[in-house]
Amino acid sequence: MNYIYDIFLNYNDLAYEVFEWNKEDKISHIRKIPLIVISSLDLYNLINKKIIIDSSFLTKIYRKTEVFSKRDNYNLDYSFLATDKNEIIAFKLDKNGLIKQYSRLLIEEEIEVLNYSESLSYQTIEYKIIASKKLEHFKTRNENKIKKFIYEEIKKIENDYDKLKFLYLECFGKIKNRNLLNIIYQQLAKNWENVYIKIYDFLKIMAVKR
């Protein structure tokens, strides 16, 4: 097993680019973490599919990732770095092999690790694809946060025609039929860039008034 030492990771639900890291994020100072080199297809699947990694690999990486702490260093149960020698991502898994969180590396550290990986051999990693993910490659981290808020708030009022009507009139104007909920969802799906800010601002005001 190859290891990388002394790097910073920002484990999150998505592999955010470094420029999207927030000051509120909990950045982990990693003392030591396993590194494997895999094919570009395998790396793509690990990032973009819902997968379960085979237990044989979990055994190899169990508690091999050590994190610096102000009190005592501690170990993560299942975490590792994977690269295809072009891109590198850190993964954190649960005990069943399901990937729960991801992290990219700081640019300088990514370059160093990629240079180091050039001399390493490719390995195979056994996993099972459970499902595809609905990808949001063209939305920023903030837009994804806004999208989550919008859909959660609409869910709360989807059975209240008066509130849906109020939302529709404020954001879209004249009502042409009563199927307002479907029209709102269609607009969000097909016309996101032009409508999401209006809807977001309106729902924020409604949320404050509740």
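Observations
- Residues of the range 71-90 that turn out to be loosely packed, with under 14 Cβ neighbours inside 10 Å and assigned to a strand (DSSP E or B), as a count: 2
- Single match in Glu193, Glu170, Glu153 (criterion: out of contact with any strand residue (DSSP E or B) (no Cβ under 9 Å at 6 or more places or on another chain), among the acidic types (Asp, Glu), modelled with pLDDT under 85 and not assigned by TED's automatic domain parsing to the domain that holds Lys23): Glu193
- Residue selected from the range 73-99 under the condition within 17 Å of the chain's Cα centre (by Cα) and closer than 16 Å to Asn115 by Cα, by the criterion modelled with the lowest pLDDT: Glu87
Conditions (1) under 21 Å from Tyr116 (Cβ atoms); (2) not aliphatic (A, V, I, L, M), marked per residue:
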site	(1), (2)
Phe8	yes, yes
Val18	yes, no
Ile52	no, no
Arg63	no, yes
Arg71	no, yes
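- Among (1) surrounded by fewer than 11 Cβ atoms within 10 Å (Cβ to Cβ); (2) outside the structural domain of Asp54 (by TED's automatic domain parsing); (3) not hydroxyl-bearing (Ser, Thr, Tyr), the one test that Ile146 misses: (1)
- Per this entry, Leu120 is counted among residues that are in a loop (DSSP other than H, G, I, E, B), among the aliphatic types (A, V, I, L, M) and either at negative phi or not assigned by TED's automatic domain parsing to the domain that holds Lys60 (or both).
- Any hit, the range 59-67, residues being among the β-branched types (Val, Ile, Thr) and touching a helix residue (DSSP H, G or I) at 6+ places or on another chain (Cβ under 9 Å): no
The values are calculated or read from the model by the stated rules, or taken from the named source; none is laboratory data. This one's a predicted model, so the numbers in the text were calculated from it and none came from an experiment. Heads up, the Cβs are rebuilt from the backbone with ideal geometry, glycines too, and the neighbour counts pull from every protein chain shown.
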